[in-house]
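Structure record follows, encoded as C-alpha coordinates.
The values are calculated or read from the model by the stated rules, or taken from the named source; none is laboratory data. Computed from a predicted model, the values in this text were never measured in an experiment. When we count neighbours, we look across all protein chains shown, and the Cβ atoms used for this are built from the backbone with ideal geometry, even at glycine. Side chains are part of the model used for accessible areas, which takes the heavy atoms of the whole protein and leaves out ligands, DNA and RNA. Shrake-Rupley method; radii C 1.70, N 1.55, O 1.52, S 1.80 Å.
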Amino acid sequence: MPETAPSDWRRFSGVNLSQRALKAAAARKTEIRHAIRVSAAVGAAFALATALRLPQGYWAVFTAVIVVQSSLGATITASMERLMGTIVGALVGAVAAYFHAKAPDLGGVILCVTVALLAFLVSMRPALKVAPVTAVIMLIGTTTHMDPLLAAGWRVAEIAVGSLVGVAATLLIFPARAHASVVTSVQKIAGLQAHILESHVQTLRGTPGPTDYLKAQDDLRAALAKLQSGMTEADRESATKLSDRSVSEALPRTLWRLRNDTVMIGRALRQPLPAEDLAPAAADMLEASARFLRGTADLLAGGARPDRIAFAQAHQAFHDNVEVMREKGLTQELAFDDAARVFGLVFAIENLFSNLGDFEERIEEATAKKD
(Lines give C-alpha, C1' and ligand atoms only; values in the text may rest on other atoms or scores of the structure.)
Protein backbone atom coordinates (compact mmCIF):
# COMPACT_ATOMS: atom_id res chain seq x y z
CA MET A 1 0.00 0.00 0.00
CA PRO A 2 1.63 3.33 -1.05
CA GLU A 3 2.46 5.77 1.71
CA THR A 4 0.82 9.18 1.69
CA ALA A 5 3.26 12.02 1.15
CA PRO A 6 3.67 14.58 3.96
CA SER A 7 2.24 17.29 1.70
CA ASP A 8 -0.92 15.18 1.27
CA TRP A 9 -1.27 14.81 5.02
CA ARG A 10 -0.96 18.56 5.43
CA ARG A 11 -3.54 19.10 2.69
CA PHE A 12 -5.98 16.58 4.21
CA SER A 13 -5.51 17.95 7.72
CA GLY A 14 -6.05 21.47 6.40
CA VAL A 15 -9.32 20.40 4.77
CA ASN A 16 -10.45 18.71 7.98
CA LEU A 17 -9.59 21.77 10.03
CA SER A 18 -11.51 23.98 7.62
CA GLN A 19 -14.55 21.70 7.76
CA ARG A 20 -14.47 21.63 11.55
CA ALA A 21 -14.12 25.41 11.66
CA LEU A 22 -17.13 25.82 9.33
CA LYS A 23 -19.22 23.43 11.43
CA ALA A 24 -18.24 25.24 14.63
CA ALA A 25 -19.13 28.58 13.03
CA ALA A 26 -22.50 27.22 11.85
CA ALA A 27 -23.26 25.97 15.36
CA ARG A 28 -22.53 29.46 16.73
CA LYS A 29 -24.26 31.37 13.93
CA THR A 30 -26.48 33.36 16.29
CA GLU A 31 -23.57 34.39 18.53
CA ILE A 32 -21.43 35.38 15.55
CA ARG A 33 -24.20 37.52 14.10
CA HIS A 34 -24.70 39.23 17.45
CA ALA A 35 -20.96 39.93 17.70
CA ILE A 36 -21.00 41.51 14.23
CA ARG A 37 -24.02 43.65 15.16
CA VAL A 38 -22.35 44.92 18.34
CA SER A 39 -19.09 45.63 16.54
CA ALA A 40 -20.85 47.55 13.77
CA ALA A 41 -22.90 49.52 16.29
CA VAL A 42 -19.77 50.46 18.25
CA GLY A 43 -17.98 51.62 15.10
CA ALA A 44 -20.98 53.64 13.92
CA ALA A 45 -21.50 55.22 17.36
CA PHE A 46 -17.83 56.18 17.57
CA ALA A 47 -17.84 57.70 14.08
CA LEU A 48 -21.08 59.61 14.70
CA ALA A 49 -19.97 60.91 18.09
CA THR A 50 -16.70 62.10 16.53
CA ALA A 51 -18.49 63.75 13.61
CA LEU A 52 -20.90 65.54 15.97
CA ARG A 53 -18.00 66.50 18.27
CA LEU A 54 -19.79 65.32 21.37
CA PRO A 55 -17.75 66.33 24.46
CA GLN A 56 -17.93 62.85 25.96
CA GLY A 57 -18.68 60.75 22.91
CA TYR A 58 -17.57 57.56 24.62
CA TRP A 59 -20.99 57.47 26.31
CA ALA A 60 -22.54 56.94 22.90
CA VAL A 61 -20.17 54.00 22.37
CA PHE A 62 -20.94 52.56 25.82
CA THR A 63 -24.66 52.86 25.12
CA ALA A 64 -24.35 51.07 21.77
CA VAL A 65 -22.58 48.18 23.48
CA ILE A 66 -25.20 47.97 26.22
CA VAL A 67 -28.42 48.30 24.20
CA VAL A 68 -27.71 45.94 21.29
CA GLN A 69 -29.49 42.71 22.21
CA SER A 70 -30.28 39.42 20.53
CA SER A 71 -33.58 40.66 19.08
CA LEU A 72 -35.02 43.93 17.83
CA GLY A 73 -37.64 44.03 20.59
CA ALA A 74 -35.04 43.56 23.32
CA THR A 75 -32.84 46.28 21.78
CA ILE A 76 -35.76 48.72 21.63
CA THR A 77 -36.62 47.98 25.26
CA ALA A 78 -33.02 48.45 26.42
CA SER A 79 -32.67 51.66 24.38
CA MET A 80 -35.85 53.22 25.72
CA GLU A 81 -35.02 52.28 29.31
CA ARG A 82 -31.51 53.71 29.03
CA LEU A 83 -32.68 56.89 27.33
CA MET A 84 -35.52 57.53 29.80
CA GLY A 85 -33.28 56.73 32.77
CA THR A 86 -30.65 59.12 31.41
CA ILE A 87 -33.15 61.93 30.91
CA VAL A 88 -34.47 61.60 34.46
CA GLY A 89 -30.98 61.21 35.95
CA ALA A 90 -29.60 64.11 33.94
CA LEU A 91 -32.40 66.46 34.99
CA VAL A 92 -32.16 65.53 38.66
CA GLY A 93 -28.37 65.62 38.41
CA ALA A 94 -28.53 69.12 36.89
CA VAL A 95 -30.63 70.37 39.78
CA ALA A 96 -28.27 68.72 42.27
CA ALA A 97 -25.25 70.21 40.46
CA TYR A 98 -26.84 73.66 40.73
CA PHE A 99 -27.20 73.33 44.49
CA HIS A 100 -23.68 71.90 44.71
CA ALA A 101 -22.31 75.00 42.93
CA LYS A 102 -24.13 77.20 45.46
CA ALA A 103 -22.96 75.18 48.48
CA PRO A 104 -19.72 73.28 47.66
CA ASP A 105 -19.20 72.24 51.28
CA LEU A 106 -22.44 70.22 51.20
CA GLY A 107 -21.39 68.15 48.21
CA GLY A 108 -21.52 64.83 50.05
CA VAL A 109 -24.96 65.54 51.53
CA ILE A 110 -26.35 66.64 48.15
CA LEU A 111 -24.95 63.50 46.53
CA CYS A 112 -26.52 61.18 49.13
CA VAL A 113 -29.90 62.92 49.01
CA THR A 114 -29.94 62.84 45.21
CA VAL A 115 -29.11 59.13 45.06
CA ALA A 116 -31.69 58.35 47.76
CA LEU A 117 -34.45 60.13 45.84
CA LEU A 118 -33.58 58.40 42.58
CA ALA A 119 -33.19 55.00 44.25
CA PHE A 120 -36.71 55.43 45.66
CA LEU A 121 -37.97 56.26 42.17
CA VAL A 122 -36.19 53.24 40.67
CA SER A 123 -37.77 50.96 43.28
CA MET A 124 -41.13 51.98 41.83
CA ARG A 125 -40.01 52.18 38.19
CA PRO A 126 -37.20 49.65 37.60
CA ALA A 127 -36.94 50.74 33.97
CA LEU A 128 -35.22 53.93 35.22
CA LYS A 129 -32.36 51.99 36.82
CA VAL A 130 -29.63 54.05 35.10
CA ALA A 131 -30.97 57.35 36.52
CA PRO A 132 -28.93 57.23 39.79
CA VAL A 133 -25.75 56.40 37.83
CA THR A 134 -26.29 59.35 35.47
CA ALA A 135 -26.92 61.75 38.35
CA VAL A 136 -23.80 60.59 40.21
CA ILE A 137 -21.63 61.01 37.09
CA MET A 138 -22.96 64.53 36.63
CA LEU A 139 -22.15 65.43 40.23
CA ILE A 140 -18.67 63.96 40.53
CA GLY A 141 -17.64 63.47 36.89
CA THR A 142 -15.84 65.68 34.43
CA THR A 143 -18.99 67.64 33.53
CA THR A 144 -18.96 69.61 36.81
CA HIS A 145 -17.20 72.54 35.12
CA MET A 146 -20.11 72.94 32.67
CA ASP A 147 -23.41 74.67 33.13
CA PRO A 148 -25.70 71.99 34.70
CA LEU A 149 -28.40 72.24 32.03
CA LEU A 150 -25.84 72.18 29.24
CA ALA A 151 -24.18 69.10 30.76
CA ALA A 152 -27.58 67.38 31.05
CA GLY A 153 -28.35 68.18 27.41
CA TRP A 154 -25.03 66.78 26.20
CA ARG A 155 -25.46 63.61 28.25
CA VAL A 156 -28.94 62.97 26.83
CA ALA A 157 -27.64 63.62 23.30
CA GLU A 158 -24.75 61.17 23.76
CA ILE A 159 -27.06 58.44 25.06
CA ALA A 160 -29.60 59.16 22.32
CA VAL A 161 -26.93 58.73 19.64
CA GLY A 162 -25.84 55.38 21.08
CA SER A 163 -29.43 54.19 21.45
CA LEU A 164 -30.42 55.11 17.89
CA VAL A 165 -27.29 53.49 16.48
CA GLY A 166 -28.01 50.33 18.51
CA VAL A 167 -31.57 50.07 17.21
CA ALA A 168 -30.44 50.73 13.64
CA ALA A 169 -27.73 48.08 13.86
CA THR A 170 -30.18 45.48 15.17
CA LEU A 171 -32.72 46.41 12.49
CA LEU A 172 -30.32 46.41 9.54
CA ILE A 173 -27.57 43.89 10.36
CA PHE A 174 -28.81 40.28 10.46
CA PRO A 175 -32.22 41.49 11.73
CA ALA A 176 -33.62 39.22 14.42
CA ARG A 177 -37.28 39.62 15.31
CA ALA A 178 -38.57 38.74 18.77
CA HIS A 179 -41.40 36.81 17.12
CA ALA A 180 -38.88 34.24 15.87
CA SER A 181 -37.66 33.84 19.44
CA VAL A 182 -41.26 33.36 20.60
CA VAL A 183 -41.79 30.59 18.04
CA THR A 184 -38.57 28.86 19.11
CA SER A 185 -39.60 29.12 22.78
CA VAL A 186 -43.05 27.65 22.09
CA GLN A 187 -41.49 24.70 20.27
CA LYS A 188 -38.99 24.14 23.07
CA ILE A 189 -41.72 24.24 25.73
CA ALA A 190 -43.90 21.85 23.74
CA GLY A 191 -40.92 19.51 23.33
CA LEU A 192 -40.17 19.54 27.07
CA GLN A 193 -43.80 18.84 27.95
CA ALA A 194 -44.03 16.10 25.34
CA HIS A 195 -40.88 14.49 26.74
CA ILE A 196 -42.42 14.45 30.22
CA LEU A 197 -45.59 12.86 28.87
CA GLU A 198 -43.57 10.23 27.01
CA SER A 199 -41.75 9.41 30.25
CA HIS A 200 -45.12 8.85 31.89
CA VAL A 201 -46.04 6.56 29.01
CA GLN A 202 -42.99 4.43 29.77
CA THR A 203 -43.97 4.32 33.43
CA LEU A 204 -47.49 3.15 32.60
CA ARG A 205 -46.08 0.44 30.33
CA GLY A 206 -43.75 -0.82 33.03
CA THR A 207 -40.48 0.46 31.59
CA PRO A 208 -39.79 3.74 33.42
CA GLY A 209 -36.95 5.79 31.97
CA PRO A 210 -34.24 7.81 33.77
CA THR A 211 -36.10 11.12 33.50
CA ASP A 212 -35.41 13.52 36.39
CA TYR A 213 -38.87 15.04 36.79
CA LEU A 214 -37.74 17.83 39.13
CA LYS A 215 -35.12 18.99 36.64
CA ALA A 216 -37.56 18.58 33.77
CA GLN A 217 -40.08 20.83 35.53
CA ASP A 218 -37.35 23.37 36.38
CA ASP A 219 -36.33 23.50 32.72
CA LEU A 220 -39.96 23.90 31.76
CA ARG A 221 -40.48 26.81 34.16
CA ALA A 222 -37.34 28.52 32.85
CA ALA A 223 -38.52 28.10 29.26
CA LEU A 224 -41.95 29.53 30.14
CA ALA A 225 -40.29 32.55 31.77
CA LYS A 226 -38.18 33.08 28.65
CA LEU A 227 -41.31 32.90 26.51
CA GLN A 228 -42.93 35.62 28.61
CA SER A 229 -39.87 37.86 28.09
CA GLY A 230 -40.00 37.16 24.38
CA MET A 231 -43.67 38.12 24.27
CA THR A 232 -42.85 41.43 25.99
CA GLU A 233 -40.12 42.14 23.44
CA ALA A 234 -42.47 41.25 20.59
CA ASP A 235 -45.04 43.66 22.05
CA ARG A 236 -42.41 46.41 21.98
CA GLU A 237 -41.62 45.67 18.33
CA SER A 238 -45.30 45.72 17.44
CA ALA A 239 -45.84 49.03 19.29
CA THR A 240 -43.07 50.67 17.27
CA LYS A 241 -44.53 49.33 13.98
CA LEU A 242 -41.24 47.57 13.24
CA SER A 243 -42.83 44.14 13.41
CA ASP A 244 -46.25 42.49 13.47
CA ARG A 245 -46.49 40.00 16.30
CA SER A 246 -48.99 37.27 15.54
CA VAL A 247 -48.94 35.18 18.74
CA SER A 248 -51.83 35.64 21.15
CA GLU A 249 -51.18 36.74 24.73
CA ALA A 250 -53.33 33.78 25.79
CA LEU A 251 -50.73 31.30 24.51
CA PRO A 252 -48.39 31.46 27.56
CA ARG A 253 -51.37 30.93 29.88
CA THR A 254 -52.38 27.84 27.91
CA LEU A 255 -48.83 26.48 28.13
CA TRP A 256 -48.81 27.06 31.89
CA ARG A 257 -52.06 25.08 32.17
CA LEU A 258 -50.51 22.25 30.16
CA ARG A 259 -47.53 22.32 32.50
CA ASN A 260 -49.90 22.00 35.48
CA ASP A 261 -51.51 18.99 33.79
CA THR A 262 -48.13 17.25 33.51
CA VAL A 263 -47.53 17.91 37.21
CA MET A 264 -50.90 16.39 38.17
CA ILE A 265 -50.25 13.33 36.00
CA GLY A 266 -46.82 12.92 37.56
CA ARG A 267 -48.28 13.00 41.06
CA ALA A 268 -50.83 10.34 40.16
CA LEU A 269 -48.10 8.08 38.75
CA ARG A 270 -45.58 8.39 41.59
CA GLN A 271 -46.54 4.87 42.58
CA PRO A 272 -47.76 2.01 40.34
CA LEU A 273 -51.28 2.64 39.11
CA PRO A 274 -53.66 0.44 41.16
CA ALA A 275 -56.14 0.10 38.28
CA GLU A 276 -54.18 -2.08 35.88
CA ASP A 277 -57.00 -2.11 33.31
CA LEU A 278 -56.66 1.67 32.94
CA ALA A 279 -52.89 1.77 32.32
CA PRO A 280 -52.81 0.74 28.60
CA ALA A 281 -55.48 3.23 27.54
CA ALA A 282 -53.87 5.98 29.65
CA ALA A 283 -50.48 5.25 28.07
CA ASP A 284 -51.95 5.40 24.57
CA MET A 285 -53.71 8.66 25.39
CA LEU A 286 -50.56 10.31 26.77
CA GLU A 287 -48.53 9.08 23.80
CA ALA A 288 -51.06 10.58 21.39
CA SER A 289 -51.06 13.78 23.44
CA ALA A 290 -47.28 14.09 23.17
CA ARG A 291 -47.42 13.65 19.37
CA PHE A 292 -50.26 16.15 19.08
CA LEU A 293 -48.44 18.66 21.27
CA ARG A 294 -45.25 18.54 19.19
CA GLY A 295 -47.17 18.61 15.90
CA THR A 296 -49.24 21.62 16.95
CA ALA A 297 -46.13 23.57 18.02
CA ASP A 298 -44.44 22.75 14.70
CA LEU A 299 -47.48 24.19 12.92
CA LEU A 300 -46.45 27.62 14.25
CA ALA A 301 -43.17 27.29 12.32
CA GLY A 302 -44.86 26.23 9.10
CA GLY A 303 -45.04 22.48 9.74
CA ALA A 304 -47.83 20.10 8.75
CA ARG A 305 -51.06 19.96 10.72
CA PRO A 306 -51.16 17.36 13.52
CA ASP A 307 -53.40 14.31 13.22
CA ARG A 308 -56.47 15.54 15.06
CA ILE A 309 -58.46 12.36 14.27
CA ALA A 310 -55.88 10.02 15.82
CA PHE A 311 -55.74 12.25 18.89
CA ALA A 312 -59.53 12.24 19.25
CA GLN A 313 -59.65 8.46 18.79
CA ALA A 314 -57.09 7.93 21.56
CA HIS A 315 -59.16 10.14 23.86
CA GLN A 316 -62.35 8.28 23.02
CA ALA A 317 -60.67 4.93 23.72
CA PHE A 318 -59.49 6.24 27.09
CA HIS A 319 -62.96 7.57 27.88
CA ASP A 320 -64.57 4.24 26.95
CA ASN A 321 -62.08 2.39 29.15
CA VAL A 322 -62.98 4.58 32.13
CA GLU A 323 -66.68 3.97 31.50
CA VAL A 324 -66.13 0.20 31.45
CA MET A 325 -64.30 0.41 34.76
CA ARG A 326 -67.13 2.43 36.24
CA GLU A 327 -69.81 0.01 34.99
CA LYS A 328 -67.90 -2.96 36.40
CA GLY A 329 -67.47 -1.17 39.71
CA LEU A 330 -63.73 -1.81 39.72
CA THR A 331 -62.94 1.45 41.49
CA GLN A 332 -65.22 0.55 44.42
CA GLU A 333 -62.75 -2.11 45.51
CA LEU A 334 -59.88 0.37 45.78
CA ALA A 335 -58.64 1.95 48.99
CA PHE A 336 -59.33 5.66 49.40
CA ASP A 337 -55.80 6.81 48.45
CA ASP A 338 -55.66 4.49 45.46
CA ALA A 339 -59.07 5.63 44.24
CA ALA A 340 -57.99 9.25 44.66
CA ARG A 341 -54.93 8.64 42.45
CA VAL A 342 -56.98 6.88 39.78
CA PHE A 343 -59.59 9.62 39.63
CA GLY A 344 -56.82 12.23 39.82
CA LEU A 345 -55.19 10.71 36.75
CA VAL A 346 -58.50 10.64 34.88
CA PHE A 347 -59.18 14.27 35.80
CA ALA A 348 -55.67 15.36 34.75
CA ILE A 349 -55.89 13.58 31.39
CA GLU A 350 -59.29 15.14 30.69
CA ASN A 351 -57.83 18.56 31.52
CA LEU A 352 -54.88 17.79 29.26
CA PHE A 353 -57.21 16.94 26.38
CA SER A 354 -59.14 20.19 26.84
CA ASN A 355 -56.03 22.35 27.16
CA LEU A 356 -54.41 20.76 24.11
CA GLY A 357 -57.51 21.70 22.14
CA ASP A 358 -57.15 25.26 23.41
CA PHE A 359 -53.44 25.19 22.50
CA GLU A 360 -54.32 24.15 18.94
CA GLU A 361 -56.82 27.02 18.66
CA ARG A 362 -54.22 29.58 19.82
CA ILE A 363 -51.69 28.26 17.30
CA GLU A 364 -54.26 28.30 14.49
CA GLU A 365 -55.09 31.91 15.37
CA ALA A 366 -51.42 32.80 15.09
CA THR A 367 -50.94 31.04 11.74
CA ALA A 368 -54.13 32.60 10.36
CA LYS A 369 -52.86 36.11 11.24
CA LYS A 370 -49.50 35.36 9.66
CA ASP A 371 -51.15 34.16 6.46
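Phi angles of the stretch 105-115 translate, via the Karplus equation with coefficients 6.51, -1.76, 1.60 and θ = phi - 60°, into HN-Hα couplings of 5, 9, x, x, 5, 4, 4, 5, 5, 4, 5 Hz per residue; Gly and Pro are given as x.
Between the helical axis of 131-140 and the longest alpha-carbon principal axis of the chain there is an angle of about 20 degrees. Classify the stretch 76-201 from the C-alpha gyration tensor, please: rounded if a/c falls under 1.5, else prolate or oblate depending on whether a/b exceeds b/c. Oblate.
When the helices of the chain are scored as -39500 (n - 2.57) per DSSP H run of n ≥ 4 and the total is divided over every residue, the value at 222 nm lands at -27500 deg cm²/dmol. Please give me the summed charge of the neighbours of GLN313: other residues whose Cβ is under 15 Å from its Cβ, Lys and Arg +1, Asp and Glu -1. After counting each charged neighbour, the total is -2.
The mean sequence separation of alpha-carbon pairs under 8 Å and at least six residues apart, normalised by the residue count of the chain, gives a relative contact order of 17 percent. When the P(r) of the stretch 192-342 is calculated, the portion above 27 Å amounts to 35% of the C-alpha pairs. Solvent-accessible surface of the stretch 61-183, averaged per residue with a 1.4 angstrom probe and all protein chains in place: 47 square angstrom.
Averaged per residue, the stretch 218-362 has 51 square angstrom of accessible surface, using a 1.4 angstrom probe with ligands and nucleic acids left out. Axis of helix 72-102 versus longest Cα principal axis of the chain: the two differ by about 40°, to the nearest ten degrees.
Against the chain, whose longest principal axis comes from its Cα atoms, helix 336-370 is set at around 50 degrees. In whole percent, and with a 1.4 Å probe on the protein chains, what portion of the accessible area of the stretch 300-371 is carbon and sulfur? Answer for the stretch 300-371: carbon and sulfur cover 52 percent of the accessible area. Per atom type, the stretch 143-218 shows carbon and sulfur on 69% of its accessible surface, probed at 1.4 Å. Its relative contact order, with pairs defined as Cα atoms under 8 Å and 6+ residues apart, puts the stretch 253-371 at 44 percent. Global size of the chain: 29.3, 93 Å for Rg and Dmax (C-alpha atoms, Rg to one decimal, Dmax whole).
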